[in-house]
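Chemist: There's a structure below that I have some questions on.
The values are calculated or read from the model by the stated rules, or taken from the named source; none is laboratory data. Fair warning: this is a prediction, and the values are worked out from it, not measured in the lab. Cβ sites come from the backbone with ideal geometry, for glycine too, and all protein chains shown count toward neighbours.
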């Protein structure tokens with residue numbers, strides 16, 4: 001009887017339901033195909049003059065861009081960047097005020113302890129691992145660096161939870177080094193636009209360091225991140241609002257701009 005009842009409760013798919021699923025599969029298929037096609041299109045390289053003009057426009061639009069992670073000193077910046085891995089800056093900014101009110105130095109963070117840190121950052125993804133890393137890196141800063149954030153990439157990357165991207169952010173913001181931290185946004189822009197194509201973040205970083213004019217390198221990191229976060233977004237780039245749209249080499253750009261103009 002249970003089996004018969006179960007069968008009666010199962011609803012047969014309607015024609016409308018079948019149509020919706022068919023359309024959905026078609027969209028997915030189209031997206032996958034478009035991705036495969038676009039990944040094999042050779043995007044034309046930018047000329048030196050075009051790169052110069054792109055960054056001239058970025059500078060004209062915002063002369064001194066700033067990161068969006070809240071911090072009060074190099075140490076809290078380091079902690080905020082470690083916490084931001086696989087999390088949004090907004091989520092990190094919601095959790096750090098209470099954390100930094102109690103511990104804005106490595107010594108205070110080490111004294112606070114892993115359990116308390118974990119409780120304060122539990123709204124952030126991977127909070128258990130991040131709490132462990134934050135306390136561990138704080139202890140290392142106290143024991144090996146006199147409680148100061150080192151200005152060396154090697155020393156930064158030796159800290160728990162700190163990779164090349166995090167080190168680049170700290171060097172750029174805290175110490176004003178002309179580094180470029182390639183996150184998902186910069187990686188996307190570098191490959192999509194043809195400005196700095198690369199198979200991995202390191203390749204994109206090295207290419208950007210090669211092509212971006214020296215006078216723009218200090219702020220290039222933030223211009224590109226903010227551009228990727230708010231304009232050259234992943235799903236549907238806002239090409240109609242892009243200040244470098246006429247310079248961009250992305251094959252899909254013209255179609256999107258035309259579609260936007262027609263709507």
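Chemist: In this structure, does residue 92 turn out to be surrounded by 16 or more Cβ atoms within 10 Å (Cβ to Cβ), farther than 27 Å from residue 55 by Cβ, touching a helix residue (DSSP H, G or I) at 6+ places or on another chain (Cβ under 6 Å) and touching a residue at least 24 places away in the same chain (Cβ under 8 Å)?
Modeler: Details: surrounded by 16 or more Cβ atoms within 10 Å (Cβ to Cβ): yes; farther than 27 Å from residue 55 by Cβ: yes; touching a helix residue (DSSP H, G or I) at 6+ places or on another chain (Cβ under 6 Å): yes; touching a residue at least 24 places away in the same chain (Cβ under 8 Å): yes.
Yes: the conditions hold for residue 92.
Rundown of residues vs (1) surrounded by 20 or more Cβ atoms within 10 Å (Cβ to Cβ); (2) under 27 Å from residue 187 (Cα atoms); (3) under 24 Å from the mean Cα position of the chain (by Cα); (4) outside the structural domain of residue 222 (by TED's automatic domain parsing), yes/no style:
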{"residue": "132", "(1), (2), (3), (4)": "no, no, yes, yes"}
{"residue": "141", "(1), (2), (3), (4)": "yes, no, no, yes"}
{"residue": "155", "(1), (2), (3), (4)": "no, yes, yes, yes"}
{"residue": "158", "(1), (2), (3), (4)": "no, yes, yes, yes"}
{"residue": "164", "(1), (2), (3), (4)": "no, yes, yes, yes"}
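Chemist: Shifting gears a bit: Within 16 Å of residue 170 (Cβ to Cβ) and touching a helix residue (DSSP H, G or I) at 6+ places or on another chain (Cβ under 9 Å): does that describe residue 117? Explain how you work it out, then say what you get.
Modeler: On the way: within 16 Å of residue 170 (Cβ to Cβ): no; touching a helix residue (DSSP H, G or I) at 6+ places or on another chain (Cβ under 9 Å): yes.
So residue 117 fails the test.
Chemist: Take the conditions in contact (Cβ under 8 Å) with a residue 24 or more places away in the chain, closer than 22 Å to residue 88 by Cα and part of a helix (DSSP H, G or I) and apply them to residue 202. Does it pass? Talk me through it step by step, then tell me what you get.
Modeler: Numbers: in contact (Cβ under 8 Å) with a residue 24 or more places away in the chain: yes; closer than 22 Å to residue 88 by Cα: yes; part of a helix (DSSP H, G or I): yes.
Yes: the conditions hold for residue 202.
A quick yes/no check of all residues on (1) touching a strand residue (DSSP E or B) at 6+ places or on another chain (Cβ under 6 Å); (2) at pLDDT below 95; (3) assigned to a loop (DSSP other than H, G, I, E, B):
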{"site": "64", "(1), (2), (3)": "no, yes, yes"}
{"site": "87", "(1), (2), (3)": "no, yes, yes"}
{"site": "92", "(1), (2), (3)": "no, no, no"}
{"site": "135", "(1), (2), (3)": "no, no, no"}
{"site": "139", "(1), (2), (3)": "no, no, no"}
{"site": "150", "(1), (2), (3)": "no, no, yes"}
{"site": "162", "(1), (2), (3)": "no, no, yes"}
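Chemist: Answer yes if at least one residue in segment 39-48 is exposed (fewer than 10 other Cβ atoms within 10 Å of the Cβ), closer than 25 Å to residue 241 by Cβ and modelled with pLDDT of 95 or more, and no otherwise.
Modeler: no
Chemist: Would you mind stating whether residue 220 is assigned by TED's automatic domain parsing to the domain that holds residue 49 and either within 13 Å of the chain's Cα centre (by Cα) or touching a residue at least 40 places away in the same chain (Cβ under 8 Å) (or both)? So that I can check it myself, show each step before the final result.
Modeler: Working: assigned by TED's automatic domain parsing to the domain that holds residue 49: yes; either within 13 Å of the chain's Cα centre (by Cα) or touching a residue at least 40 places away in the same chain (Cβ under 8 Å) (or both): yes.
The answer is yes for residue 220.
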